[in-house]
Amino acid sequence: MLRTIESLGPLSGRRVLVRCDLNVPVDGGTITDDGRIRASQATIDELASAGARVVVMSHLGRPDGTPVPEYSLRPVATRLGELLNRPVAFATDTVGEAAQKAVDGLADGDIALLENLRFNPGETAKDAAERERFAAELAELGDVLVSDGFGVVHREQASVFELAALLPSAAGRLIEAELAVLECLTNTPHTPYTVVLGGSKVSDKLGVIDHLLPRVSSLLIGGGMMFTFLAALGHKTGSSLLEEDQVDSVRGYLAEAARLGVEVALPTDVVVASSFSADADHSVRPVDSIEDTPWGAAGIGLDIGPDTAAHFAGIIARSKTVFWNGPMGVFEFPEFASGTRSIAQALTGVDGLTVVGGGDSAAAVRALGFPERSFGHISTGGGASLEFLEGKPLPGLEVLGWP
């Protein structure tokens, strides 16, 4: 059974290490999407209010085991303090003298944030012994561990896996909430149950399709991965993203869906562009004439078309449970964001549970201006959510006693 904060006993006066996922986009020192910080806020605030001496840990980006100024967590410490309305001390290292000084300076109810864990090569080392050494150094800074970085529970990393075995450890409130939603999607969804999949690569989603196909009512396919499905039906796809080595696998899943009576809704029209750019010329084409544009085989599909968006929205509206992972097009380009916007808008009207599956989907709903309260749940872990739904083991959860 998953160990929760209650299992750790009274926390007043104790040093509580909190592994969060504060991996937010930072542009020139400015945080452009603080969603993951806000998602971590409740656990941190609860612990501080209980009188714990809270030591927050996280990674940011992929600095490959060496300090890189642009990946510093200093802006995150500032934003976290603003959200909590209390000071957050910042340690300029992950372990060692600077980290120890920051921790020693905490009074009951105070909060510190360590520098980016991935500045230390031990955090993501492939060698378990190296990870264990780094985890042992981190353990010197705390009495117990609260693991709340759902976005990294699918990784065997020092602060996620080895550290949880060294100290009394438990899951934080964010992980509890994420698991409650994902277990509902897997075990007890209300029907009709619709899964909407997009994003660039079909190979990233085949495991989810395989595991969920027997459980869902409808499967809607958009994004770059739609072109592999369209190719499996014999359509030409121009210069659109295509994984030719997955075409046979896709045909197999389409056949299995038909056998199970699952509706697989594929695009009927596509927004085809002259090139991959925000200001590219573009045209809406039926899926059987993607190459019938002035750009011929050089044309590239960058979004689902309006007829497809309307059809998908209708299926979503009839659903009681909806899981969405992956944008329908290149939403970062305004001219090719309509499909993603339509899906997000449709989810806001569902009379039931709606789950936005983290990663680019979560970024999209925020970038397009949708209030987070419009959705039942926005996951903080795209990869972790997918691996959970694939039925894969998640080492960062297993070490906490789950399932």
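The values are calculated or read from the model by the stated rules, or taken from the named source; none is laboratory data. Keep in mind that what you see is a predicted model, and the values were worked out from it rather than measured. Note: ideal-geometry Cβ built from the backbone for every residue, glycine included; neighbour counts use all protein chains shown. Each accessible area value is taken on the protein alone, full model and side chains, heavy atoms only, with ligands, DNA and RNA left out. Shrake-Rupley method; radii C 1.70, N 1.55, O 1.52, S 1.80 Å.
Numbers below:
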| quantity | calculated |
| --- | --- |
| Among Val202, Val68, Val287, residue whose mean-square fluctuation peaks in a GNM of the chain (springs only between Cα atoms under 10 Å) | Val68 |
| Kirkwood hydrodynamic radius (C-alpha pairs) into Stokes-Einstein, the stretch 236-378, 10 °C and 1.306 mPa s, D in µm²/s | 98 µm²/s |
| Using alpha-carbon coordinates, inclination of helix 128-139 to the longest axis of the chain, degrees | 50 degrees |
| Where only alpha carbons of the stretch 225-280 are counted, the Rg and the Dmax (Å) | 13.2, 43 |
| Degrees, to the nearest 10: 173-187 long Cα axis against longest axis of the chain | 30 degrees |
| Residue-level accessible surface for His154, protein heavy atoms, 1.4 Å, Å² | 30 Å² |
| Contact order normalised by residue count of the stretch 278-403, Cα under 8 Å, 6+ apart, percent | 20 percent |
| Accessible area of Thr66 in the full protein assembly, 1.4 Å probe (Å², nearest 10) | 70 Å² |
| Ranking by accessible area, most exposed first, for Asp93, Asp210 with a 1.4 Å probe | Asp210, Asp93 |
| Dipole of the stretch 221-284, positive end: most advanced residue of Gly223, Leu242, Leu266 [Cβ charges, Cα centre] | Leu266 |
| Where labels lie 7 Å past Cα in the beta-carbon direction, separation of Thr348 and Arg133 in nm | 5.3 nm |
| Ratio Rg/Rh, restricted to the chain and using Cα atoms, in which Rh is the Kirkwood radius | 1.01 |
| Value of D in µm² per second that Stokes-Einstein yields for the stretch 184-234, Kirkwood Rh from Cα pairs, at 37 °C (0.692 mPa s) | 282 µm²/s |
| Heavy-atom SASA rank of Met328, Met1 (probe 1.4 Å, accessible area, largest first) | Met1, Met328 |
| Paramagnetic label zone (point 7 Å from Cα along Cα-to-C-beta, Thr186; backbone N under 11 Å) in the stretch 365-394 | 385-394 |
| Cα gyration tensor, the stretch 122-208 - rounded (a/c under 1.5), prolate or oblate | oblate |
| Directionally averaged projected area (convex hull, Cα atoms, the stretch 175-304), nm² | 9.0 nm² |
| Local net charge near Asn23, Cβ-Cβ under 11 Å (Lys/Arg +1, Asp/Glu -1) | +1 |
| The stretch 119-160 - convex hull of alpha carbons, volume per residue in Å³ | 72 Å³ |
| Nearest-ten-degree value, helix 338-348 long axis tilted from longest Cα axis of the chain | 60 degrees |
| Surface/4 estimate of mean projected area, convex hull on alpha-carbon atoms of the stretch 1-114, nm² | 7.6 nm² |
| Value of Rg to Rh for the stretch 70-221 (Rh from inverse mean 1/r over Cα pairs, i.e. Kirkwood) | 1.07 |
| Within a Gaussian network of the chain (alpha carbon springs, distance under 10 Å), most fluctuating of Arg118, Arg19, Arg62 | Arg62 |
| Count of lysine pairs in the chain with Cα separation under 29 Å (8 or more residues apart, or interchain) | 10 |
| Fluctuation leader among Val365, Val216, Val26 - the chain, Gaussian network, Cα springs under 10 angstrom | Val26 |
| Cβ-based charge dipole, the chain, positive-most Cα from Leu22, Leu347, Thr308 | Leu347 |
| Accessible area of the chain belonging to carbon and sulfur atoms, whole % at 1.4 Å probe | 49 percent |
| Dipole in debye (nearest 20) - the chain, about Cα centre, beta carbon charges: Lys, Arg +1; Asp, Glu -1 | 740 debye |
| Charge dipole magnitude, Cβ of K and R +1, D and E -1 - the stretch 1-68, Cα centre, debye nearest 20 | 340 debye |
